[in-house]
Amino acid sequence: MLKHYDFHWLDKLQEENPNKRVLEVIHDYAIGSQTISGEILNLKSFDRIEAVNMILFHKSLLRVSNTRQLKSYIDTNHKLLQHLRENYTINYKE
């Protein structure tokens with residue numbers, strides 16, 4: 001599948017929003033009016049069914065690795081560390 005994918009298209013898409021997740025950037029693009037030209041590389045050997053299966057597989061991987069779940073952990077961890085620093089002192093030995 002990699003031989004068919006136009007990575008330059010995704011690079012162009014992410015240039016305007018480098019801090020957003022890939023799915024968010026693609027979603028914004030899908031509902032927006034912006035057009036970025038791309039192409040299917042090596043079109044003669046392209047298999048549509050294989051492409052659909054790979055897309056669905058990668059889509060499920062991106063959902064599972066969603067950083068929103070991690071963000072909640074990071075926020076909670078930050079609050080916990082802040083509380084610990086306010087209530088406990090660490091004695092360093094030099």
If the label point sits 7 Å along Cα→Cβ of Lys71, residues of the stretch 10-31 with amide N under 13 Å come out as 19-25
Result: in the stretch 41-94 the number of Lys pairs with C-alpha under 27 Å apart, spaced 8 or more or on different chains, is 4
Of the DSSP H helices in the chain, the ones reaching 18 Å or more along their long axis in Cα terms and averaging at least 0.0 in Kyte-Doolittle hydropathy are 48-64
Candidate cut points under GluC sites (Glu not before Pro) in the stretch 16-81, DSSP loop plus at most 15 other Cβ atoms within 10 Å of their own Cβ, are Glu16, Glu39
Rg/Rh of the stretch 1-58 (Cα atoms, Kirkwood Rh), to two decimals, equals 0.99
Between Leu80 and Trp9, the two model label points (7 Å from Cα along the beta-carbon direction) sit apart by a distance in nm of 4.3 nm
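None of the figures in this text is laboratory data; all of them are computed from the coordinates on show. Only a predicted model underlies this, so the values are computations on that prediction, with no experimental measurement involved. Cβ: placed from backbone, ideal geometry, glycine included. Neighbour counts: every protein chain shown.
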